[in-house]
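Only one structure is covered here, and it is reproduced in the block below.
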Amino acid sequence: MSAQAVLYGIKNCDTVRKARQWLESHGVPYVFHDYRVDGMAAVPLEVWMDALGCDVLLNRASTTFRGLDAAEKTDLTPVRALALMKANPTLIKRPVLDWAGHVQVGFKPEQYAGLFDKK
């Protein structure tokens, strides 16, 4: 494995914890970027949006999204969704794993195993 993985999320998110535990237990070196602690400046959100789209990245089930004004949630364009996620990082689905040019949103052990298969 030549490139180091970067796992983006929020430290107290259960799914992020599971992803971190999986990476650690499988000996995968990674850097953890906590949106709340480390900020959003280094987060390649535009790149993720171009690759995946806002439907994959935007967490419409989050408490933060439900708490938005109706006007903010109506007719969401990718540009508006991007601005909302930059202003409210908890609107980004978690975790986001960025490794060797691949971006994986969410955590499922079998998907991570497929990414880091050492065959």
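No lab work stands behind these numbers, since they all come straight from the coordinates. All of these numbers come straight from a predicted model, not from anything done at the bench. Heads up, the Cβs are rebuilt from the backbone with ideal geometry, glycines too, and the neighbour counts pull from every protein chain shown.
Relative contact order for the chain using alpha-carbon pairs under 8 Å, separation at least 6, rounded to a whole percent? All intermediate terms of the calculation are to be shown ahead of the outcome.
Working: 134 pairs, mean separation 43.2, N = 119.
Result for the chain is 36 percent.
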Quiz prompt | Chain lengthening between ARG66 and MET40 when straightened (0.36 nm per residue, less Cα-Cα) | solution = 7.2 nm
Practice problem: For helix 14-25, report the angle its Cα long axis makes with the longest principal axis of the Cα atoms of the chain; keep it between 0 and 90° and round to the nearest 10°. | Solution: 20 degrees
Quiz item: So what J values fall out for segment 42-58 if you push phi through Karplus, 6.51 cos²θ - 1.76 cosθ + 1.60 with θ = phi - 60°, rounded to Hz, Gly and Pro as x?
Solution: 8, 7, x, 4, 4, 5, 4, 4, 4, 7, 10, x, 6, 5, 7, 8, 7
Quiz item: Taking only pairs that are 8 or more places apart or on different chains, how many Lys pairs in the chain have Cα atoms under 24 angstrom apart?
Solution: 12
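Restricting to Cα pairs below 8 Å that are 6+ residues apart, what does the relative contact order work out to for segment 59-119? Please round to a whole percent.
Working: 33 pairs, mean separation 15.6, N = 61.
Relative contact order here is 26 percent.
Let a ≥ b ≥ c be the square roots of the eigenvalues of the Cα gyration tensor of the chain; is it rounded (a/c under 1.5), or, if not, prolate (a/b larger than b/c) or oblate?
On the way: a/c = 2.11, a/b = 1.86, b/c = 1.13.
Since a/c reaches 1.5 and a/b is larger than b/c, the shape of the chain is classed as prolate.
Please report the antiparallel percentage of the DSSP beta bridges confined to the chain, to the nearest 5.
Working: 8 of 13 bridges.
Percent antiparallel among DSSP bridges in the chain is about 60.
To make sure I understand, if each residue's beta carbon is the centre and we count other beta carbons within 10 Å, what order do TRP22, TRP99 fall in, fewest to most?
Details: TRP22 16, TRP99 19.
Arranged by neighbour count, lowest to highest, TRP22, TRP99 become TRP22, TRP99.
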